[in-house]
Amino acid sequence: MGDKAVEKRLCQRFRIAGATVSYRVVRLFSSGSGTDEEFCPVLDLSRGGVRFLTQKPLKFKSRIRIQLTVPGERAPLDLCGRVRWSTFNTGKSYKYQAGVQFHPYGLEKGQNAPQTLTRIVALETKFVEPENPVGPTEGGGPVA
């Protein structure tokens, strides 16, 4: 038996139509203002991280600051994390996909604010799609 089918993520992913990410890679001697790229489409999100499209490749383990904008929300969510992967997005208008793992939530320096987790949980509750249980017919049709 292969482990390929086992989901390693602990948090449920969900999609939010129209959500975007603006980001800045944290550099040792940076001014701390501005963004590297804006309005990158979000593919999916969880309490633990985000997957989005980008025009630029992101370096593995780079520290990154993200502003996540969600349609209908008053203010964007400010998050920090690390790039876990970046890959070429063949034949698409955005050249790359990237995955960022959020730093832990807490009150210590470098952590994401606990209120941000509360907002993500509220978004998860609102946007997560219920799983369709497969019945005895395997086709999902009505059972006589």
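None of the figures in this text is laboratory data; all of them are computed from the coordinates on show. Just so it is clear, the model here is predicted, and its values are computed rather than measured. Counting neighbours? That spans all protein chains shown, and the Cβs are built from the backbone with ideal geometry, glycine included.
Under the classification rounded if a/c is under 1.5, otherwise prolate if a/b is larger than b/c and oblate if not, where does segment 20-127 fall, given a ≥ b ≥ c as square roots of the Cα gyration tensor eigenvalues? Don't skip to the end; give the middle numbers.
Working: a/c = 1.67, a/b = 1.18, b/c = 1.41.
The shape class here is oblate.
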Notebook entry, point to check: So which of LYS59/LYS95; LYS61/LYS95; LYS92/LYS126; LYS61/LYS126; LYS95/LYS126 end up more than 24 Å apart, counting from Cα to Cα?
Noted result: LYS92/LYS126; LYS61/LYS126; LYS95/LYS126
Checklist line | Residues ARG24, ARG65 arranged by fewest to most Cβ contacts within 10 Å | finding: ARG65, ARG24
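In which sequence would GLU73, GLU108 go, from the one with the fewest C-beta neighbours within 10 Å to the one with the most?
Details: GLU73 14, GLU108 7.
Arranged by neighbour count, lowest to highest, GLU73, GLU108 become GLU108, GLU73.
Can you sort CYS80, CYS11, CYS40 from fewest to most other Cβ atoms within 10 Å of each residue's own Cβ?
Taking fewest neighbouring Cβ atoms as first place, the list is CYS11, CYS80, CYS40.
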